[in-house]
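Take a look at the structure below.
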Amino acid sequence: MGRPEDKYVKLPAIIHATRIGYRYRSIKGDVSGIDYDADTNIFFEPFRAALERINGKPVDVDKAHHLVSQLKLKLLGNDLGCTFFASLQSSVEGYRLIDFENPANNDFTVVAELPYANGEDSFRPDITFLVNGMPLGVVCQ
């Protein structure tokens, strides 16, 4: 038997997210290091495809992995994410990460129970909202 909170909270929230334009993605078969970066939980293919669409130039897999590693460095700072936030608003190495002028160019995805880990600490939010493959919001019950 499933958990009651899934039936009454998580699933309706995911359904609502899809009604407002988010696409649901099952992460059941996704592999850390191949489909997404374990340190940042950035999904490589949606990230790469969105960068191509937003910036109007080809972005290969190696470039996408490199840009994720650059974002990882920005997240290591002790500035509560300010450097990362500034990158979202401007760019990384000349690549805009989010299209604020034309939101339709962005990829909006919702996933359930994406694991986060930092050393021995870990948690699994019920819902994670991805914009262009980057986790930018979570919902925990």
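At-a-glance table
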read-out	value
Failed item in (1) more than 16 Å from the chain's Cα centre (by Cα); (2) closer than 12 Å to residue 132 by Cα, with residue 51 passing the rest	(1)
Residue selected from segment 61-108 under the condition among the basic types (Lys, Arg) and without any contact (Cβ under 8 Å) to a residue 24 or more places away in the chain, by the criterion farthest from residue 47 (Cα to Cα)	74
Single residue of segment 40-96 satisfying the filter (hydrophobic (A, V, I, L, M, F, W, C) and outside any helix (DSSP H, G or I)) that is surrounded by the most Cβ atoms within 10 Å (Cβ to Cβ)	43
Meets criteria (in contact with a helix residue (DSSP H, G or I) (Cβ under 9 Å, 6 or more places away or on another chain) and either surrounded by 15 or more Cβ atoms within 10 Å (Cβ to Cβ) or closer than 16 Å to residue 134 by Cβ (or both)) for residue 25	yes
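Every number in this text was worked out from the coordinates using simple rules, so none of it is lab data. All values derive from a computational prediction rather than experimental measurement. In this analysis, Cβ positions are derived from the backbone assuming ideal geometry, glycine residues included, and neighbour counts consider all displayed protein chains.
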